[in-house]
């Protein structure tokens with residue numbers, strides 16, 4: 001098997017059918033799809049059973065109690081048999097040439113990480129043109145929305161994600177740092193396109209956004225302790241300049257920002273001002289939790 005297309009899912013039944021269909025509709029055939037259901041409580045099991053009927057390549061499903069992305073990814077890796085592991089997420093829609101383009105890049109640079117193009121979209125029904133531009137640029141070295149690496153390179157740095165990262169964020173960055181520090185080259189293939197579902201948040205999402213920001217801050221402290229390096233500090237926003245910016249944001253009137261973000265009111269799609277307010281609240285929550293977690 002030349003490649004394993006690996007993804008994990010948690011309560012994304014409304015997206016998973018389209019994502020799996022796209023995973024099966026690739027222009028090559030010598031790959032498999034490995035899906036880990038990380039304890040979903042929605043209609044995900046039914047979607048998976050329907051997907052079995054239309055799978056055109058080997059389709060391996062792992063079910064586990066909810067344990068977070070690091071453990072879920074590792075459960076999938078233990079069942080993967082591909083020479084290359086291509087990671088995506090359950091809110092990512094790969095184009096038909098997706099696997100072929102990752103394999104093409106690996107043929108040219110066998111020991112490299114291959115990063116594909118990620119284009120954000122608010123709807124899988126109205127996709128933008130599948131062409132990467134600088135507006136879609138990401139500086140992430142190893143981002144599991146669209147990245148691949150050989151099993152051999154993974155094995156050289158331990159083979160798995162660090163399961164101490166049990167909350168949201170940074171488990172892929174941590175593995176990427178290990179690969180980077182081991183001298184692994186990274187290449188970018190702008191033709192390996194995947195669309196990332198990113199709808200504009202509503203006021204009902206604000207509490208979840210703040211909870212995620214705090215969880216990400218706690219994971220950021222774990223990452224800094226595991227890899228005390230300037231790259232880690234920059235990535236997590238833990239430099240003097242970034243902390244000063246966080247302090248300025250925390251000084252903004254939280255109650256006013258919450259009102260602009262629609263907190264406590266009826267659910268509504270956030271305006272640009274409301275979205276900016278929600279992002280400011282998330283930034284304040286992140287730096288507040290970063291400071292608190294660092295003292296522990």
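Considered as a group, the residues in segment 211-233 that are in contact with a helix residue (DSSP H, G or I) (Cβ under 6 Å, 6 or more places away or on another chain) and over 20 Å from residue 178 (Cβ atoms) include one that is surrounded by the most Cβ atoms within 10 Å (Cβ to Cβ), and that residue is 217. Does segment 203-219 include one or more residues that are assigned to a strand (DSSP E or B) and more than 15 Å from the chain's Cα centre (by Cα)? No, there is no match, as no residue in segment 203-219 is assigned to a strand (DSSP E or B) and more than 15 Å from the chain's Cα centre (by Cα). Residues that are touching a residue at least 40 places away in the same chain (Cβ under 8 Å) and under 21 Å from the mean Cα position of the chain (by Cα) do not occur anywhere in segment 54-61. Within segment 181-201, the set of residues being out of contact with any helix residue (DSSP H, G or I) (no Cβ under 7 Å at 6 or more places or on another chain), in a strand (DSSP E or B) and either in the same structural domain as residue 270 (by TED's automatic domain parsing) or under 25 Å from residue 270 (Cβ atoms) (or both) comprises 195, 196. When segment 260-275 is filtered for residues that are out of contact with any helix residue (DSSP H, G or I) (no Cβ under 8 Å at 6 or more places or on another chain) and assigned to a helix (DSSP H, G or I), the ones remaining, listed by number, are 272, 275. Among the candidates 231, 218, the residue that is closer than 26 Å to residue 276 by Cβ and in the same structural domain as residue 278 (by TED's automatic domain parsing) is uniquely 218.
The single residue among 22, 13, 53 that is farther than 18 Å from residue 79 by Cβ and loosely packed, with under 14 Cβ neighbours inside 10 Å turns out to be 53. Residue 184 fulfils the conditions (1) more than 21 Å from residue 7 (Cβ to Cβ); (2) touching a strand residue (DSSP E or B) at 6+ places or on another chain (Cβ under 7 Å); (3) exposed (fewer than 15 other Cβ atoms within 10 Å of the Cβ) except for a single criterion, (3).
The set of residues in segment 1-41 being without any contact (Cβ under 8 Å) to a residue 40 or more places away in the chain and touching a strand residue (DSSP E or B) at 6+ places or on another chain (Cβ under 6 Å) consists of 33, 37, 38.
The values are calculated or read from the model by the stated rules, or taken from the named source; none is laboratory data. Note that the structure is predicted; figures quoted are calculated from it, not measured. As a convention, Cβ positions derive from the backbone with ideal geometry for all residues, glycine included, and neighbour counts pool all protein chains shown.
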